[in-house]
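The values are calculated or read from the model by the stated rules, or taken from the named source; none is laboratory data. On a predicted model such as this, the values are computed, not experimentally measured, just so you know. Don't worry about glycine lacking a Cβ; one is built from the backbone with ideal geometry, like all the others, and counts go over all protein chains shown.
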Amino acid sequence: MQASYTKKNRLTLYIFMALILGIALGFVFNTQYVQQDNAQITQIDASIKLMKQNTALFETDQQTAALKKLGEQRSKILKSRDHKLEPFSLLADIFLRLIKMIVAPLVFSTLVVGVAKLGDIKSVGRIGGKTLLWFFSASLLSLALGMLLVNIFDPGAQMHLPLPDVNADLGIQKTAFTLKSFLYHIFPTSIFDSLANNEILQIVVFSLLFGTATAAIGEHGKIIIDFFEVVADVILKITGYVMNLAPVAVFGAITVVVAKQGAGILKTYSIFIGEFYFGLATLWVILILIASLFIGKRVITLIKRMKDPALLAFSTSSSEAAFPKMMLELERFGCGKKIVSFVLPLGYSFNLDGSMMYMTFASLFIAQSYGIHLPLGTQITMLLILMLTSKGIAGVPRASLVVIAGTLSTFNIPEAGLALLLGIDPILDMGRSATNVIGNSIATVAVSKWEKELHH
């Protein structure tokens with residue numbers, strides 16, 4: 001036990017050291033190695049903006065050709081910068097690919113075992129009902145907190161940022177909420193396709209049916225349960241091997257982010273970043289206080305156990321990267337194995353607290369930037385729409401931005417306003433990912449306590 005604790009602490013230390021080294025090297029690269037690339041990109045962006053302003057008055061073929069040429073130059077410089085930083089981005093990418101390789105089979109095997117051991121459909125329905133009640137309550141809290149804070153701080157008006165062209169193409173595919181697309185995203189046509197694409201929500205649906213059916217066939221089902229228990233143990237062993245690469249991945253990911261963004265963007269957006277992170281800290285405090293109502297002083301032990309997964313999610317900007325480690329730590333904390341394997345996968349689609357807060361915060365910030373006043377009733381409508389549109393899209397790249405783009409168009413707010421956030425989104429995503437980890441761990445503990453499956 002002492003050796004395991006020392007090893008765990010050593011991993012935390014290595015991750016933290018990698019974070020500091022990555023920040024330091026990133027600043028060196030930003031001011032030395034890719035400084036010319038960054039300066040050229042900034043200059044081209046300014047030229048494109050000025051030319052578009054002139055084009056708005058009188059467009060000519062010569063101006064259109066010049067804009068196209070500038071765009072091509074910008075793309076070429078971006079590729080050159082990415083090529084220079086590629087060795088570091090590869091460190092993070094390989095680690096994340098290994099984690100994604102683990103997540104789908106881990107969710108499937110552990111959830112089948114968990115549901116099969118619950119015994120019947122009534123138990124699954126009871127625990128599922130409690131879990132979804134928690135998720136929707138936490139989502140409502142996160143969205144409402146984001147809405148409240150952005151109204152208090154009013155960063156869109158305070159920052160006086162130059163507004164982007166309303167016709168700008170951001171390369172973000174907006175999604176309008178439809179019941180058909182929502183249901184299609186939940187129910188798989190092929191479990192193998194869902195496993196291949198890491199569609200967690202679809203894997204959860206199939207696993208629930210498979211586990212329930214396994215329990216229903218009685219004695220014969222024990223063979224399947226024993227098999228998947230062994231599979232889960234093997235995958236968790238692989239997780240241990242992969243986690244040894246976490247500090248290297250953290251180092252690479254942070255180096256690239258800081259090298260690209262530098263100190264300039266932090267200075268420009270210091271108000272927004274500071275206020276958003278204050279909001280996340282407030283959400284953490286509220287969630288921890290709620291957790292203390294269930295488990296008392298043990299909440300301190302829970303947060304200590306979650307520091308590794310949260311730090312990993314923060315450093316890599318990926319909640320998924322922390323998933324296997326979270327499962328291990330929650331079971332060690334005392335949560336029932338069947339509850340962990342049931343609640344946690346669902347949480348990755350339905351309980352992204354940090355992302356929820358960001359959606360209202362960012363949407364209203366963009367409206368404020370354009371001087372668009374949204375009455376309280378409209379803001380509440382936006383909040384309720386986000387409650388629905390945000391569910392089950394965790395597997396979509398830049399999921400929060402995709403949902404926000406769809407929401408902005410619904411309320412006639414220029415989608416181009418997202419350009420205000422694209423530069424700092426990686427920095428904001430780090431905080432969102434860490435908050436998602438804390439939110440899901442507290443949800444799992446709460447449901448375990450409700451089901452009397454929380455052990456000391």
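Of note:
- Tallying residues that are of a type in the set (Asp, Glu) and free of Cβ contacts under 8 Å to residues at least 60 places away in the same chain within region 411-428 yields 1.
- Contact map, region 336-351: residues that are more than 19 Å from Leu141 (Cβ to Cβ) paired with residues that are among the small types (Gly, Ala, Ser) and part of a helix (DSSP H, G or I), Cβ distance under 7 Å, separation 6+ or inter-chain. Pairs shown: Gly336/Ser448; Lys337/Gly114; Lys338/Gly114; Ile339/Ser448; Ser341/Gly114; Phe342/Gly114.
- Meets criteria (within 30 Å of Val231 (Cβ to Cβ), under 16 Å from the mean Cα position of the chain (by Cα) and assigned to a helix (DSSP H, G or I)) for Ser355: no
- Within region 100-114, being buried (at least 24 other Cβ atoms within 10 Å of the Cβ), at pLDDT below 90 and of a type outside the set (A, V, I, L, M) holds for Thr110, Gly114.
- Residue pairs whose Cβ atoms lie under 8 Å apart, separated by 6 or more positions or on different chains, with the first residue in region 99-110 and farther than 16 Å from Ala321 by Cβ and of a type in the set (Val, Ile, Thr) and the second surrounded by fewer than 24 Cβ atoms within 10 Å (Cβ to Cβ) and modelled with pLDDT under 90, are Thr110/Ala232; Thr110/Lys337.
- Scanning region 359-380 for residues that are closer than 16 Å to Ala157 by Cα and among the small types (Gly, Ala, Ser) turns up Ala362, Ser363, Ala367, Ser369, Gly371.
- Gly125 being on the phi > 0 side of the Ramachandran plot and modelled with pLDDT under 85: no
- Selection status of Val256, touching a Ser or Thr at 6+ places or on another chain (Cβ under 9 Å) and among the hydrophobic types (A, V, I, L, M, F, W, C): yes
- Just one of the numbered conditions (1) crowded, with 19+ Cβ neighbours inside 10 Å; (2) of a type outside the set (Phe, Trp, Tyr); (3) part of a loop (DSSP other than H, G, I, E, B) is not true of Val340: (3).
- Some residue of region 5-15 being surrounded by 12 or more Cβ atoms within 10 Å (Cβ to Cβ), of a type in the set (D, E, K, R), at pLDDT 85 or above and not in a loop (DSSP other than H, G, I, E, B): no
- Only residues that are in contact (Cβ under 8 Å) with a residue 24 or more places away in the chain and touching a Ser or Thr at 6+ places or on another chain (Cβ under 8 Å) were counted across region 202-228, and they come to 7.
- Members of region 424-444 found to be crowded, with 23+ Cβ neighbours inside 10 Å and charged (D, E, K, R), listed by number: Asp429, Arg432
- Candidate set from region 179-196 (those that are surrounded by 14 or more Cβ atoms within 10 Å (Cβ to Cβ) and within 25 Å of Arg97 (Cβ to Cβ)); member that is modelled with the lowest pLDDT: His185
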